[in-house]
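To start, the structure itself, in structure tokens.
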Amino acid sequence: MKKTTLALMVLVIVLMFCLAACGNSKPAEPVHTPGKDFVAFWNAMVNNNYSEAAQYIEMSQQGQIKMMYGSVAGYLAKQNAGSVNDSNEDNQIRILSEDIKGTNANVIFEIKIKGKWYKASIPMVREDGIWRITLTDNGDLPIEPAK
């Protein structure tokens, strides 16, 4: 009986310490945010990792691209050919803000082109926990100048 009481007291003390430790922890940052996912897409494109970049394209468009071109990665490689400057100075982006409304978001960012920073925006949609880009009808990124 004494062993059971002692074991129960030890268990209660351990649980109290665990609960106290959990109460002081900060909430985890979300793994996927519009800004983080756009940066991941951008970096994959700059590094010619088209398989990685493909996961950030809207899912319905992925299906259409696969039917027409065989693979999303191959399509992105073809679209990207000659458009990325190899200079480490260019192709940098920095996220300024995210405007999230349900499963839609608009990311405001700056991009460095030929040594100069430009402010731009891109809309994104959340599908299966990932923020994705809907390409234009021409297959381009829907990047617009931002104020």
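The values are calculated or read from the model by the stated rules, or taken from the named source; none is laboratory data. Source: prediction; values computed, not measured. Please note: Cβ atoms are built from the backbone with ideal geometry, for glycine as well, and neighbour counts cover all protein chains shown.
A few comments on the model shown:
- Residues of region 32-62 that are buried (at least 19 other Cβ atoms within 10 Å of the Cβ), among the hydroxyl-bearing types (Ser, Thr, Tyr) and without any contact (Cβ under 8 Å) to a residue 60 or more places away in the chain: Tyr50 alone.
- Scanning region 115-141 for residues that are among the hydrophobic types (A, V, I, L, M, F, W, C) and under 13 Å from the mean Cα position of the chain (by Cα) returns Ile122, Met124, Val125, Ile130, Trp131, Ile133.
- Per this entry, Ile93 is counted among residues that are aliphatic (A, V, I, L, M) and at pLDDT 90 or above.
- The single condition from (1) surrounded by fewer than 16 Cβ atoms within 10 Å (Cβ to Cβ); (2) among the aliphatic types (A, V, I, L, M); (3) under 20 Å from Ala54 (Cβ atoms) that Ile143 fails is (1).
- Filtered residue count, region 50-70, keeping only those that are modelled with pLDDT under 95 and assigned to a loop (DSSP other than H, G, I, E, B): 1
- Search result, residues across region 115-134 that are outside any strand (DSSP E or B) and under 8 Å from Glu58 (Cα atoms): Thr134
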